[in-house]
Amino acid sequence: MVAAPDPKIRVLIAIVCLASAAAAACPPWRGAPVITGRSGERLCAKHREPLQATIVYGPDPAICILVQSTKEAAKARACSPNALAFGISRTKSQLYSRAVKTSYCRQCEAFVQAHLK
């Protein structure tokens, strides 16, 4: 008779399987990121929801900020055509002082944010 695996091993196996499934569940987005709705509004091509306009902050052109994305975040961005750009900040600071108007999809951004943690 085969002994049942240790409960800790079961949990570890479940976590690995869930992480693999989550990464594989979202293939990279192919095609145009934005479509035009019936009334002329700009929509996320993936989620068919209106893009939200916002102000974000980028680094001053004279400043070089080196930040590296995780593999999980990079995969999430690849399948989220209208998430906020990498390397920007929602809050103004000394490093991120240049205001930029942009638009994004709330669902795309939420998916990316969930994979940053």
* To do: Residue by residue through the range 75-110, note down the ones that are open to solvent by less than 70 Å² (accessible area, probe 1.4 Å) and either at pLDDT below 90 or among the aromatic types (F, W, Y) (or both).
  => G87, Y96, Y104
* Asked: Only one of (1) loosely packed, with under 13 Cβ neighbours inside 10 Å; (2) over 16 Å from V112 (Cα atoms); (3) in contact (Cβ under 8 Å) with a residue 12 or more places away in the chain fails for T54. Which number is that?
  -> (1)
* Counting only residues that are of a type outside the set (D, E), open to solvent by less than 80 Å² (accessible area, probe 1.4 Å) and modelled with pLDDT under 95, which one in the range 57-66 is farthest from G31 (Cα to Cα)? -> I63
* If the Cβ limit is 6 Å and pairs must be 6+ apart or interchain, which residue in the range 88-117 that is among the small types (G, A, S) pairs with which residue that is open to solvent by 70 Å² or more (accessible area, probe 1.4 Å)? -> A99/I55; S103/A53
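The values are calculated or read from the model by the stated rules, or taken from the named source; none is laboratory data. These numbers come from a predicted model, not from an experiment. Here the Cβ is made from the backbone with ideal geometry for all residues, glycine too, and neighbour counts use every protein chain on show. Accessible surface areas use protein heavy atoms only, side chains included; no ligands, DNA or RNA. Shrake-Rupley method; radii C 1.70, N 1.55, O 1.52, S 1.80 Å.
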